[in-house]
Amino acid sequence: MKIVEVNVKREINISREVIWWNYWDHEHLEVVHKGYNTSDILYENKNVMFRTDLISVPIFSFIKFQTPVFMSLEDEETLYVYGIHFGSIISRTIIKVRKLEKEKSEIDINYKFCLKGWQLILLPVLKKLIYKWNEQTWIEDLPLKQRRQKVLKLNFKDFRGLPDDVEERVYDGEVKFNIPVPRPKTSTRDSHPLNNKNN
């Protein structure tokens, strides 16, 4: 058995709450990210989420696989993400987001993939794929995070928009973050018959 490990560290002028919002905003996945085809949430509560994604492999986009994804926000700084790829490759990602300033954060991401048997043939390319996946999703997500930070400073409220009175379009307080992130009632994320909302 071999563990493939990759660490990525970044700083960004975005609040920690907006970064967490981006990770828990499942609505944007296949709209923004090239690798995602569909995503179905099966279970979600105040700090845990389980979903299945149909994903295209970076570089080899003609290869698609269904992967279950489990996410748990352990504390205000730490997110655990577990996935199973190609039916049997287990991964664990630990994401640490530290608040440096009100609108500045440090992100540490630790990826670990557990390979055994036939999976060992992926050793020469897996690290490159992980770095490429990380870079691609970072670039795709960046405008969302920046826009979210900007509109929250204009006193934007989800599903209500900006205040009608232009003078009220100023907010300098702390950004709040709660799970689950609100979604439209007609969201396809919740349409799977095994979703915990569809009892």
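For the reader, a short list of remarks on this structure follows.
- For residue 63, the test of being buried (at least 16 other Cβ atoms within 10 Å of the Cβ), without any contact (Cβ under 8 Å) to a residue 60 or more places away in the chain and either small (Gly, Ala, Ser) or closer than 19 Å to residue 119 by Cα (or both) is failed.
So that you can scan it fast, the table gives a plain yes or no per residue for (1) out of contact with any strand residue (DSSP E or B) (no Cβ under 6 Å at 6 or more places or on another chain); (2) under 20 Å from residue 177 (Cβ atoms):
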position: 54; (1), (2): no, no
position: 62; (1), (2): yes, no
position: 88; (1), (2): yes, no
position: 95; (1), (2): no, yes
position: 117; (1), (2): yes, no
position: 137; (1), (2): yes, yes
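- Where residue 61 falls short, out of the listed (1) part of a strand (DSSP E or B); (2) among the polar types (S, T, N, Q); (3) within 18 Å of residue 131 (Cα to Cα): (1)
- Residue that is in contact with a helix residue (DSSP H, G or I) (Cβ under 8 Å, 6 or more places away or on another chain), under 22 Å from residue 36 (Cα atoms), touching a residue at least 12 places away in the same chain (Cβ under 8 Å) and among the hydroxyl-bearing types (Ser, Thr, Tyr), where the choices are 191, 105, 187: 187
- Taking the range 30-41 as the range and being surrounded by 18 or more Cβ atoms within 10 Å (Cβ to Cβ) and closer than 20 Å to residue 196 by Cα as the test, the residues that pass are 39, 40, 41.
- Scanning the range 76-95 for residues that are under 16 Å from the mean Cα position of the chain (by Cα) and of a type outside the set (Val, Ile, Thr) returns 76, 77, 79, 80, 82, 83, 91, 92.
- Qualifying positions in the range 42-60 - of a type outside the set (Lys, Arg) and either open to solvent by 60 Å² or more (accessible area, probe 1.4 Å) or within 19 Å of residue 78 (Cα to Cα) (or both): 43, 44, 45, 47, 48, 49, 50, 59, 60
- Check on residue 88, among the small types (Gly, Ala, Ser), in contact with a Leu (Cβ under 9 Å, 6 or more places away or on another chain) and in contact (Cβ under 8 Å) with a residue 24 or more places away in the chain: no
- Selection status of residue 82, assigned to a strand (DSSP E or B), aromatic (Phe, Trp, Tyr), closer than 18 Å to residue 55 by Cβ and open to solvent by 50 Å² or more (accessible area, probe 1.4 Å): yes
- Residue that is least open to solvent (accessible area, probe 1.4 Å), among those in the range 147-190 that are over 22 Å from residue 73 (Cβ atoms) and in a helix (DSSP H, G or I): 151
- Look at the range 23-42: where a residue is in contact (Cβ under 8 Å) with a residue 40 or more places away in the chain and a partner is of a type in the set (Lys, Arg) and open to solvent by 30 Å² or more (accessible area, probe 1.4 Å), sitting 6+ places away or on another chain with Cβ atoms under 7 Å, you get 27/183.
- Enumeration of residues in the range 85-109 that are surrounded by 14 or more Cβ atoms within 10 Å (Cβ to Cβ) and not in a strand (DSSP E or B): 103
The values are calculated or read from the model by the stated rules, or taken from the named source; none is laboratory data. These figures come from a predicted structure and were not determined experimentally. Note: ideal-geometry Cβ built from the backbone for every residue, glycine included; neighbour counts use all protein chains shown. The accessibility values were calculated without ligands, DNA or RNA, using every heavy atom of the protein model including side chains. Shrake-Rupley method; radii C 1.70, N 1.55, O 1.52, S 1.80 Å.
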